[in-house]
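Worksheet for the structure shown next.
The values are calculated or read from the model by the stated rules, or taken from the named source; none is laboratory data. Just so you know, these numbers come straight off a predicted model, no measurement behind them. So basically every Cβ, Gly included, is an ideal-geometry build from the backbone, and we count neighbours across all protein chains shown. Side chains are part of the model used for accessible areas, which takes the heavy atoms of the whole protein and leaves out ligands, DNA and RNA. Shrake-Rupley method; radii C 1.70, N 1.55, O 1.52, S 1.80 Å.
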Amino acid sequence: MKRTQVMGFILTALVLAGMLFVPESIGLGKAGIRTLGVLIAVIIALVTEMLPIGITCILGVALCVVFGAVSNVAEALSGFTNHVLFFTLVSFGISEAIATVPLSNRILALLIKCFGVKSKNLLFAVMMCAAILSSIMSNVATTAVLITVILSFLNVYDDPEAKKQSGKAFMIGLPIASMIGGMMTPAGSPLNLLGLGFLEDAGTPVTFIEWMAVAIPISLIALVAAWFIISRVFEPAQITEEKARKYIESLRIPNSFDRKEKSVCIILVTMVVLWILSSWFPVFNVTIVGTVGFGLLFFPGINVLTWDEYVKHVSWASYFLIGCMMTFGNALNKSGVSEWLVGGLFSDQMNLPVMLIVLIVCLLVFVLLIPIPIGPALISILGLPFITLAQTWGLSPTVLILPLVLCAANCYLLPLDTVPLLTYATGYYKITDMPRVSIIIQLLIAVLIALWVPVAVGILGI
């Protein structure tokens, strides 16, 4: 057992025992104290990797009942009945379909031809490809698909030092680009749908195309800036045009689309069109359209996926993590913890320019992602109180919820989230390498959101 795991067991036990002695005089009731205590214990267990992620989340749900954080088992499982979790399962099937055909390699090769074969340009091509794919599929799956492409590309380097140097740039750039791309559309991340759910419940729904109008400008500027920063701090080693050409050839991309690839492209394009149309025709719900498209991948005559292939490639850790954190979010809101937490951070009066308020919110979210490096948890904790705050301050809830979601989606200060952990596991960079670029990128994103979201919300009237 690793030292961090031992520390995880000790700290988790101390938190669970210690919360039993916390007096209600701090402003929280018994259920609130127990909910907060179990959540902190679960987060410690997740960060220290005390147990597999899925097991930790399953036990976390059980502990909610054992310690009285929730009233019954139905409440403990409430997070697993949310449509966001269902869309998460669907997105992994869509991702696997894209990975099954040469589509991702075809997009990458096209971008390489457009931007050239210099190492910095290749890095941009990979990051752009990740962002494009991540805008309609899971960030986790996008990163997993492109890791194999990058590992293959790094073999063009004969010098081990040059390979390591370039690997650091590509493996740090990939998860950051995936998360930035995940902001572009509501379908890009379950976090986006979680935020949209809060807004719909608040009576201020945001349509698919309205989300895109707000998020795409931020994503595109952030992507270019992230590439520039990463390529400067971790400059990849140069390769010759001959080696770049051989690499593209090694991808073995067919000249023409076969039946399966055509089917995937038609289904994907149709889904995106229907998602955009959902802005005017609510019947084309994001989850429903995604589910139907997912189902078509298994139809006779299409057969892009089989059930066994799909089940094998689902990230069950992500499934249980999101479900568990949404359960905690429900419990925190019901027990008053969320309002207590936000009430301690903000006053009822905020006589500041809207852009400055949004900037403060963004910076707060990024700071909270350090002790709580789990996007669904943070959105679940802060969503409802932020809506209440916005109404108290006389603002549209979208002015606070959209920054909350967009910032929580960029959880890569340290490689603790599932997405950066995938590339960290390749061994090309140290845990201390990522903050050298991620801090600057997060600060830039906070500024972009503060400058654009209030303006876009005003223009769109949402």
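Values as computed for the structure displayed
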{"item": "Segment 238-314: trypsin sites (Lys or Arg not before Pro) in DSSP coil with no more than 13 other Cβ atoms inside 10 Å", "result": "Arg252"}
{"item": "Förster-model FRET efficiency, 35 Å R0, Ile248 and Phe298, C-beta, rounded to 0.05", "result": "0.65"}
{"item": "The chain - accessible surface per residue (Å², probe 1.4 Å)", "result": "42"}
{"item": "Lys262-Thr148 FRET efficiency (beta carbon distance; Förster radius 25 Å; 0.05 resolution)", "result": "0.60"}
{"item": "Cα centroid separation - segment 80-122 against segment 303-354, whole Å", "result": "24"}
{"item": "Relative contact order computed over the chain (Cα-Cα under 8 Å; 6+ residues apart), in percent", "result": "22"}
{"item": "Rounded to whole Hz, the Karplus (6.51, -1.76, 1.60) HN-Hα couplings of segment 357-367, x for glycine and proline", "result": "4, 5, 4, 4, 4, 4, 5, 4, 4, 5, 5"}
{"item": "Where labels lie 7 Å past Cα in the beta-carbon direction, separation of Lys312 and Thr4 in nm", "result": "2.9"}
{"item": "In segment 104-157, the trypsin sites (Lys or Arg not before Pro) that fall in loop regions by DSSP, at most 12 other Cβ within 10 Å", "result": "none"}
{"item": "10 Å binning of all Cα-Cα separations within segment 181-222, expressed as whole percents from 0 upward", "result": "32, 54, 14, 0"}
{"item": "Mean projected area in nm² (Cα convex hull; one quarter of hull surface) for segment 205-298", "result": "9.6"}
{"item": "Rounded percent of accessible protein surface that carbon and sulfur make up, segment 1-88, 1.4 Å probe", "result": "73"}
{"item": "Lys, Arg +1 and Asp, Glu -1 on Cβ, resulting dipole of segment 289-431 about Cα centre, debye, nearest 20", "result": "120"}
{"item": "Charge context of Cys57, other residues only, Cβ under 15 angstrom, K/R +1, D/E -1", "result": "-2"}
{"item": "Whole-Hz couplings from phi, Karplus 6.51/-1.76/1.60, listed for segment 375-382; x for Gly and Pro", "result": "x, x, 5, 5, 5, 5, 6, 9"}
{"item": "Computed lengthening from Val269 to Asp159, 0.36 nm per intervening residue step minus Cα-Cα distance", "result": "35.4 nm"}
{"item": "Computed over segment 67-155: relative contact order in percent, which uses C-alpha pairs under 8 Å that are six or more apart", "result": "29"}
{"item": "All Cα pairs of segment 144-230, percent lying beyond 20 Å", "result": "50"}
{"item": "Computed FRET value (nearest 0.05) for Leu77 with Gln391, which takes r as the C-beta separation and R₀ as 35 Å", "result": "0.70"}
{"item": "Principal axis box of segment 70-195, alpha-carbon based, largest edge first, Å", "result": "61, 27, 24"}
{"item": "Using alpha-carbon coordinates, inclination of helix 208-233 to the longest axis of the chain, degrees", "result": "70"}
{"item": "Alpha-carbon centroid distance for the pair segment 434-456 / segment 204-219, whole angstrom", "result": "17"}
{"item": "Dipole-positive endmost among Met128, Thr142, Gly197 within segment 97-234 (Cβ charges, Cα centre)", "result": "Met128"}
{"item": "Solitary cysteines of the chain, where the nearest other Cys Cβ is not under 4.7 Å", "result": "Cys64, Cys114, Cys129, Cys265, Cys362, Cys407, Cys411"}
{"item": "Relative counts (whole %) of C-alpha pair distances in segment 1-146, using bins that are 10 Å wide", "result": "11, 25, 22, 20, 15, 6, 1"}
{"item": "Contact order normalised by residue count of segment 113-173, Cα under 8 Å, 6+ apart, percent", "result": "32"}
{"item": "Calculated [θ] (222 nm, deg cm²/dmol) that DSSP helices of n ≥ 4 give over the chain, each run adding -39,500 (n - 2.57)", "result": "-23000 deg cm²/dmol"}
{"item": "Selection from Ile248, Ala215, Leu277, by position along the positive dipole direction of segment 136-287 (Cβ)", "result": "Ile248"}
{"item": "On Cα atoms only, tilt of 160-181 relative to the major axis of the chain in degrees", "result": "60"}
{"item": "P(r) weight above 29 Å for the chain, C-alpha pairs, percent", "result": "49"}
{"item": "q = 0.12, 0.16 Å⁻¹: log10 I(q)/I(0) that the Debye formula gives for segment 22-96, counting C-alpha atoms only", "result": "-0.43, -0.71"}
{"item": "Amide H partners (placed H, <5 Å) of Ser279, local residues excluded", "result": "Phe208, Ile209"}
{"item": "With Cα atoms, 0 to 90° folded angle of helix 316-335 axis to the chain main axis", "result": "30"}
{"item": "Volume of the Cα convex hull of segment 345-462, divided per residue and given in Å³", "result": "102"}
{"item": "Check: segment 175-280 dipole with +1 on Lys, Arg Cβ and -1 on Asp, Glu Cβ, in debye", "result": "420"}
{"item": "Rounded to whole Å, sorted largest first: equivalent-ellipsoid semi-axes of segment 245-386, Cα gyration tensor", "result": "42, 20, 19"}
